[in-house]
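A.B. asks: This is the structure, below, for whatever I ask next.
The values are calculated or read from the model by the stated rules, or taken from the named source; none is laboratory data. Note that the structure is predicted; figures quoted are calculated from it, not measured. Neighbour counts are summed over all protein chains in view; Cβ atoms, including those assigned to glycine, are modelled from backbone coordinates with ideal geometry. Side chains are part of the model used for accessible areas, which takes the heavy atoms of the whole protein and leaves out ligands, DNA and RNA. Shrake-Rupley method; radii C 1.70, N 1.55, O 1.52, S 1.80 Å.
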Amino acid sequence: MNKFRLTQISIIIISLVLWQGAKSQEFSSTKSIQVYVTKLPQSSETLQKFVTSNQGVVYRTELTSNKYYSQFSIPIKQLPALDSLATSMGYVTSSKYNTENFNEKILALQEKIDNLQYEIDLYTKELSDSAADNNRIDYIKKGISTNNKLIRDNLVKINKYKQNLTEEACKVEFTINDELSTPNNSRVSFVNMPGVEYGFLQIENPKAGLSNKAYHGVAVKYMFTRGKSYLNLGAYRAVENNTTDSSLINELFMVNFGQDFYPKNFGRGKRRYLNLYTGYQIGGFITNRNNEKNGSFVPNFNMTLGLELLKTKHVLIDNKVSYFLPLDDFNRNLRGILYQASFNFVF
């Protein structure tokens, strides 16, 4: 049994002891965090060490093959450090903080107690009147008893609120998810986002009688995950087409599948503007020469670096630069720098 598993068992045993007391305890502040990580055991152990070293109390833990859940309390002053820890672990998908004003609750309860005591004083005064019959006396005594019980209950609540005001602790629910888990537990979100794309291909080493200096054109770009995964299909034409050169490739009909990946240290694509990413495109293109009826299919592979200019729930304006690399004999004279700019929208 490894060290990580032994640590988990120890925490679970302690949690069972503390859980009953935690259920009745109230906190002025609560926080919930969801984070996806690539190293679940290491991240879970890091969280445990953080809680222990920051005067935390663990109430409950759960561990599965793809998730670690921990419920604990720590001093409110340690919350900024906890946020920094979550960000350093991986991709934070949710971070919520709620706080209650216990002073207002105490004042409201005290007002209830004052009203109940006022009723008791009225009942007591009425009991001193000899005119009250037996039925009325029984009713008054029952009212006094009920009000006294409500006063005691409210005083208990006030004491709890005062205790938590003194402790200044925050209850935290922290969930660590394995980023490499099954599709049911992953962040893959399918979308229907068609769009258009403009491309400009600058050939690195054009060859007379084979390739032009540059090609440009448009494509249909269909994005089907927010990940992002996409397909594009389009046609590029030579910028300066020489019709007298019968062997020159004057058109490229492109078809590619691509995926983009957001770096962890640059926000994982969460920002509305300027999300940096890397990616790849794999597919091929059909060449069209001036002197041939049927073109040749050439596979290609592109490594990309991109920047999302605008990203909302319904619109994506994107641009990227990639190294266009044919995977056959045309490699030397058709490879080059490819720039693409696209506009996609939710359909």
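A.B. asks: Under a 5 Å amide H to amide H cut-off, with H placed in plane at 1.01 Å, what residues pair with Ile337 once short-range neighbours are removed?
C.D. replies: Those qualifying (amide H under 5 Å, at least 5 residues apart or on another chain) are Gln202, Glu204, Phe324.
A.B. asks: Moving to a separate point now. Can you compute the modelled spin-label distance between Phe261 and Tyr273, with each label point 7 Å from Cα toward Cβ, in nm?
C.D. replies: Between Phe261 and Tyr273, the label points sit 2.9 nm apart.
A.B. asks: Output wanted: per-residue J couplings in Hz (rounded whole) for the range 335-347, from phi through Karplus 6.51 cos²θ - 1.76 cosθ + 1.60, θ = phi - 60°, x for Gly and Pro.
C.D. replies: 7, x, 9, 10, 10, 9, 10, 9, 10, 10, 9, 6, 9
A.B. asks: Using a Förster radius of 45 Å, what is the FRET efficiency between Tyr97 and Leu327 based on their Cβ-Cβ separation? Nearest 0.05, please.
C.D. replies: 0.30
A.B. asks: Give the cross-link partners of Lys142 among the lysines, using a straight C-alpha distance below 30 Å as the criterion and excluding same-chain residues fewer than 8 apart.
C.D. replies: Correct list for Lys142: Lys105, Lys112, Lys125, Lys157, Lys160.
A.B. asks: Taking 0.36 nm per residue of sequence separation and subtracting the Cα-Cα distance, how much length would be gained by fully extending the chain between Thr146 and Tyr198, in nm to one decimal?
C.D. replies: 11.0 nm
A.B. asks: Cross-link candidates for Lys311: which lysines have Cα within less than 21 Å, leaving aside residues fewer than 8 places away along the same chain?
C.D. replies: Result set, ordered by chain and number: Lys221, Lys228, Lys264, Lys270, Lys320.
A.B. asks: Sticking with this structure for a sec: With all protein chains present, how much of the accessible area of the range 276-347 (probe radius 1.4 Å) comes from carbon and sulfur, to the nearest whole percent?
C.D. replies: 66
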